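Please read the structure below before turning to the comments.
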Amino acid sequence: MDYSTLDNAIIAALPPNSKVTSVERHGETRWSVGLRVIVRIDGEEEEQRFFVKLIEQEEWLGIAEAEYDGARALATCIPDNVVAPIAWGKLNKNKSKSFFMTRFLHLDAQSPPILPLLAILKRLHETSVSPTGKFGFHVTTHFGPPPMINNWTDNWERFFSRQWHADLTEVQKVHGEDRELQALGEEFCEKVIAKLLRPLQTGGRNIKPTLCHGDLWDGIVHVDVNTKRSILFDPVCFYGHNEMDLQCMGSPRYALGMDFIELYKEQFGASEPRDDFYDRHKLYAL
């Protein structure tokens with residue numbers, strides 16, 4: 001497909017009096033194509049660079065809006081450490097396709113420094129406030145293509161359990177119906193999820209709905225070449241239990257590992273019951 005000619009909806013999101021001088025492919029996933037767009041603005045000497053992510057499958061149309069709103073929410077707490085969103089929208093020529101736009105940053109894909117990243121995550125979790133006081137998010141976000149169930153609820157066990165059921169359904173759409181898996185998943189929900197998450201909000205205990213990035217691993221934390229700051233991108237945001245944001249980090253295939261988990265527990269603390277911290281981490285990692 002030719003990406004050299006931008007849709008009018010994307011052009012309209014650029015600064016006024018912009019003249020597009022270059023459009024190049026810049027990264028892609030199974031569900032998106034990235035573009036680096038260079039423009040020259042009347043009266044300015046320096047060119048400006050933008051990054052545009054195109055979502056071309058109609059069933060994944062909402063990913064652009066979800067990324068925009070997620071990045072905007074993160075920017076309210078950690079503005080220096082996120083890819084600041086500029087616009088999202090549907091293409092004029094084809095309303096079944098959408099785009100997300102931000103400034104183009106020169107990012108280095110090195111493993112993020114642990115202590116600065118810990119400080120960023122700690123600031124996000126300490127300062128974020130759910131606008132409703134509940135768990136959820138105001139738009140449907142996407143963990144890759146599958147949508148998350150983000151309807152507002154004041155019960156964290158309910159939030160996690162309904163996503164668990166949605167994931168069981170999703171995996172069987174891909175691989176076929178599996179009655180044994182479904183039965184095990186139901187039993188797991190009734191016994192394990194209830195045992196580990198219900199105590200967070202019973203017996204006089206409670207947890208604060210915290211803004212979570214939602215897909216935090218070393219591959220989406222890069223270092224800005226110019227500012228040397230760690231930059232988080234590709235959010236799957238929701239207001240949830242803060243420990244949920246550690247879900248990917250303990251896996252041996254990721255660079256951060258359990259050292260990061262230990263430091264987070266030491267500096268931020270673990271929710272009560274504290275003895276369940278590592279079991280909750282394994283649950284969230286699923």
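The values are calculated or read from the model by the stated rules, or taken from the named source; none is laboratory data. Just so it is clear, the model here is predicted, and its values are computed rather than measured. Cβ sites come from the backbone with ideal geometry, for glycine too, and all protein chains shown count toward neighbours.
Some points to look at:
- Selection status of Lys122, surrounded by 15 or more Cβ atoms within 10 Å (Cβ to Cβ), among the charged types (D, E, K, R) and out of contact with any helix residue (DSSP H, G or I) (no Cβ under 7 Å at 6 or more places or on another chain): no
- Residue in segment 212-257 that is nearest to the chain's Cα centre (by Cα), counting only those that are within 15 Å of Val83 (Cβ to Cβ) and small (Gly, Ala, Ser): Gly214
The rows are residues; the columns are (1) touching a residue at least 40 places away in the same chain (Cβ under 8 Å); (2) out of contact with any Ser or Thr (no Cβ under 6 Å at 6 or more places or on another chain); (3) farther than 19 Å from Thr141 by Cα; (4) among the charged types (D, E, K, R).
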| residue | (1), (2), (3), (4) |
| --- | --- |
| Ile11 | no, yes, yes, no |
| Arg25 | no, yes, yes, yes |
| Trp31 | yes, yes, no, no |
| Glu45 | no, yes, yes, yes |
| Lys53 | yes, no, no, yes |
| Glu58 | no, no, no, yes |
| Leu61 | no, no, no, no |
| Ala64 | no, no, no, no |
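- Residue list for segment 66-86, filter: free of Cβ contacts under 8 Å to residues at least 40 places away in the same chain and surrounded by 15 or more Cβ atoms within 10 Å (Cβ to Cβ): Tyr68, Arg72, Ala75, Pro85
- Taking the listed residues Glu177, Glu186, the one that is over 23 Å from His241 (Cβ atoms) and more than 20 Å from the chain's Cα centre (by Cα) is Glu177, with no other qualifying.
- Filtered residues of segment 89-114 (kept if without any contact (Cβ under 8 Å) to a residue 60 or more places away in the chain and either of a type in the set (Phe, Trp, Tyr) or more than 28 Å from Glu59 (Cβ to Cβ) (or both)): Phe100, Arg103
- For segment 1-11, residues that are among the small types (Gly, Ala, Ser) and modelled with pLDDT of 95 or more total 1.
- Only one of the numbered conditions (1) farther than 19 Å from Asn81 by Cβ; (2) assigned to a helix (DSSP H, G or I) is violated by Phe260, and that is (1).
- When the residues of segment 252-277 are filtered to those that are touching a Gly at 6+ places or on another chain (Cβ under 9 Å) and free of Cβ contacts under 8 Å to residues at least 60 places away in the same chain, the one that is surrounded by the most Cβ atoms within 10 Å (Cβ to Cβ) is Ile261.
- In segment 18-33, the qualifying residues are those that are closer than 26 Å to Ile220 by Cβ and hydroxyl-bearing (Ser, Thr, Tyr), and the one that is surrounded by the most Cβ atoms within 10 Å (Cβ to Cβ) is Ser32.
- Of all residues in segment 198-219, those that are small (Gly, Ala, Ser) have Cβ atoms under 7 Å from Cβ atoms of residues that are not in a loop (DSSP other than H, G, I, E, B), 6 or more apart or on another chain, in Gly214/Phe238.
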